[in-house]
Each structure stands twice: as C-alpha cells, then as structure tokens.
Amino acid sequence: PGFLVNRILGPYLNEAGHLLTECGDIEGIDRAYVAFGMPMGPLRLLDEIGLDVAQKAGRVLSEAFGERVQPSPVVERLVAEGRLGKKSGRGFYVHPEGSKGKPTPDATVLALLGVDRRPGDASEIVERGVALMIAEATRCLDDETVGSAGELDLAMIMGTGFPPFRGGLLRHADSWGATTVVGRLATFRDRLGSRFEIPPGLTADRRFYPPRV
C-alpha cells in the first residue's frame, strides 16, 4: 500500500494536519519545510495533489498500517466542505484562476477547524515530519519494500523533491544521528501518541550508510 514514496510521505502529510490543529499557521508550517529545503510545504502539496485524492490515499494507508497513520480530521473536514485544493480553487490556500497569481493561505480554514492562529516552533514542525518519514523509511528498508538505502533516497529525491543537498532522507538521518532521531521520536510519542512509535529496527546505533573514510 502506497508503494514506497507515498507510504513514506503519508505520515509526513498527515502530521501537517495535526500541526495545523495545534498552531493554525498554514503559512508558517509550509515556510518551515521550504526553509529545510523541500520544494513546497506539506499543506501546499496537499492542495496540489487534491484533498480528495489525499483522503482516499490516507484511508488506504490507515487500513494497511493502523494507528500510526490514522488520518487527522483536517482533510476529511475540508473535503466535506467541497474544498479539494487547487482543482476547486480552495483548499488550505485560495488558488487564483489560470496560471496568474500566487496561492494565498485561506484564513477561513481556521474558522472551519475551530483553531486560532499562533506561531509554531519551526524546528519542531520540521523535526516531527522528518522523524516520521525516517521511521517509516526504516520500516520500508527492514521489511524489504526497497532494497537499499540508496534506492530509497533516490526515490525520495526524485519522487518528493526531498532536498538533494541533504543527500536524501536516510543520509540526513545518518547526519542527524540515530540517537537523536530515536530521542526525538520518543519525546513526541510520549507527548503526542503512538504515531511516533519507534520502529524495532531504529536503534540508537543504527547507520543506514557505511561511515565515510
């Protein structure tokens, strides 16, 4: 389910919904990931994909992988209101007709969700999404959905625009350090729930690539 790229991207996109219900900062969430190096933030990406498509994909992943990818209610709520993203002109953003004009965050989304806007912590925003991707990538590698860390990183760079200058998702995990990744997942799990459960194969001494000499 989800093959490789969408399976890893699913928890990341889902977490953006959880973040939005906490801080209500559409632009701030997306800006944090663009600063990290992603070509666009997750909420803008959801609008580009189509919220109805994301809703269906989220249900497929949830049925396959259970609680760790249980969809946040945000996408369901917007789809119920006819907000499908770019294709309908409104999602998390207002999309001007045609190719002219830049999408702008739609403040009415916050009223719809019943949340107030307040600045989020950019570091935590990025850490939560990236840590979830690393956790799911570890599972994909360990259950042999993909044959190597190099193939996985190539797929993430070419398929999601993961910043090439970071070497790929698992190269980034090695540079971050498994001890740090495990520690952050544990902190988020204790505070936010089981979607941050640490995969059995993600131990504090795990390296995805041999050390460079």
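Classify the range 1-63 as rounded, prolate or oblate, taking a ≥ b ≥ c as the square roots of the eigenvalues of its Cα gyration tensor: rounded when a/c is under 1.5, otherwise prolate if a/b is larger than b/c and oblate if not. The shape class here is prolate.
Going toward the positive end of the dipole of the range 95-164, with +1 on Lys and Arg Cβ and -1 on Asp and Glu Cβ, which of ALA131, PHE162, GLY114 do you reach last? The Cα lying farthest towards the positive end belongs to GLY114. Once both axes come from the Cα atoms, what is the angle between helix 51-65 and the longest principal axis of the chain, in degrees from 0 to 90, rounded to 10? For 51-65 against the chain, the angle is about 30 degrees. Averaging Cα coordinates gives a centre for the range 153-212 and one for the range 5-35; these two points are 17 Å apart. Computed on the range 25-71, with alpha-carbon pairs under 8 angstrom and 6+ residues apart, the relative contact order is 22 percent.
On a 0 to 90° scale, report how tilted helix 122-142 is relative to the longest principal axis of the chain, with both axes built from alpha carbons and the result rounded to the nearest 10. Helix 122-142 sits roughly 50 degrees off the main axis of the chain. Charge dipole (Cα centre; +1 on Lys/Arg Cβ, -1 on Asp/Glu Cβ; no other charges) of the chain amounts to roughly 340 debye. Per residue, how many Å² of accessible area does the chain show with a 1.4 Å probe? The answer is 48 Å² per residue.
The relative contact order of the chain, computed from alpha carbon pairs under 8 Å that lie at least 6 residues apart in sequence, is 23 percent. Dipole magnitude for the range 113-163: computed about the Cα centre from +1 point charges on Lys and Arg Cβ and -1 point charges on Asp and Glu Cβ, it is near 300 debye.
Ordering 104-116, 124-136, 149-161, 15-27 by mean Cβ neighbour count within 10 Å, with the highest value first, yields 124-136, 15-27, 149-161, 104-116. Multiplying the residue separation of LEU192 and LYS102 by 0.36 nm and removing their Cα-Cα distance gives an extension gain of 29.0 nm. Between THR203 and PHE3, the C-beta separation translates, for a Förster distance of 30 Å, into a calculated FRET efficiency of about 0.70.
Relative to the longest principal axis of the Cα atoms of the chain, the long axis of helix 149-160 makes an angle of roughly 10 degrees.
In this label model, SER123 and PHE165 are separated by 2.0 nm, measuring between points 7 Å along each Cα→Cβ vector. Once the gyration tensor of the Cα atoms in the range 104-178 is diagonalised, the equivalent ellipsoid follows with semi-axes of 31, 14, 13 Å, ordered largest first.
Counted by Cβ distance under 11 Å from ARG7, the other residues give a net charge of -1, where Lys and Arg count +1 and Asp and Glu count -1.
Near ASP30, once Lys and Arg are set to +1 and Asp and Glu to -1 for all other residues with Cβ below 12 Å from its Cβ, the sum equals -2.
When the Cα positions of PHE65, ALA16, ASN6 are compared along the charge dipole of the range 5-108, ASN6 comes out farthest toward the positive end, with charges on each C-beta of Lys, Arg, Asp and Glu. Across the alpha-carbon set of the chain, the Rg to Rh ratio works out to 0.96, Rh being the Kirkwood radius.
The values are calculated or read from the model by the stated rules, or taken from the named source; none is laboratory data. Predicted, not measured: the structure shown is a model, and the values here were computed from it. Please note: Cβ atoms are built from the backbone with ideal geometry, for glycine as well, and neighbour counts cover all protein chains shown. Surface areas here come from the heavy atoms of the whole protein model, side chains and all, with no ligands, DNA or RNA. Shrake-Rupley method; radii C 1.70, N 1.55, O 1.52, S 1.80 Å.
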